[in-house]
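Report on the structure given below.
The values are calculated or read from the model by the stated rules, or taken from the named source; none is laboratory data. Being a predicted model, the structure only gives us computed values, none of them experimental. Here the Cβ positions follow ideal geometry from the backbone for every residue, glycine too, while neighbour counts run over all protein chains shown.
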Amino acid sequence: MVCAFRRDNGLCEPDPGATAPRQYDCCPGCGNTVRTDTHARFLRERADEIDKLAAHTPEPIGKRLRTNADQLRATADAHDAAAHPAEALA
Ligand code: SF4
């Protein structure tokens, strides 16, 4: 993902007057997040890899891995639902 930094929207609580985000404190769901279709595809590919690993991992770790994979797919689905074609931005 890419951070299209706008201080007023940043969930990482940048200092007043900051010109850069506090990336080490990046928060899921921040409105400054930008993803491309490629990012969404990578999220789904990683989710599939995690599910394969989970299939060979004892519980409760396997369950946590599947939850993580589901979250990655949900993020990719959210991208697809809100995505704007590049042509629409020109
Ligand atoms: S929370 Fe993450 S996406 Fe949002 S401004 Fe901070 S670094 Fe950027």
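Each row is one residue, and each column tells you yes or no for (1) in a loop (DSSP other than H, G, I, E, B); (2) loosely packed, with under 11 Cβ neighbours inside 10 Å; (3) out of contact with any strand residue (DSSP E or B) (no Cβ under 9 Å at 6 or more places or on another chain).
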site: Leu11; (1), (2), (3): yes, no, yes
site: Asp15; (1), (2), (3): yes, yes, yes
site: Thr19; (1), (2), (3): yes, yes, yes
site: His39; (1), (2), (3): no, no, no
site: Arg44; (1), (2), (3): no, no, yes
- Query: Of all residues in the range 53-90, which are modelled with pLDDT of 90 or more and not in a helix (DSSP H, G or I)?
  - Reply: Ala55, His56, Thr57, Pro58, Glu59, Pro60
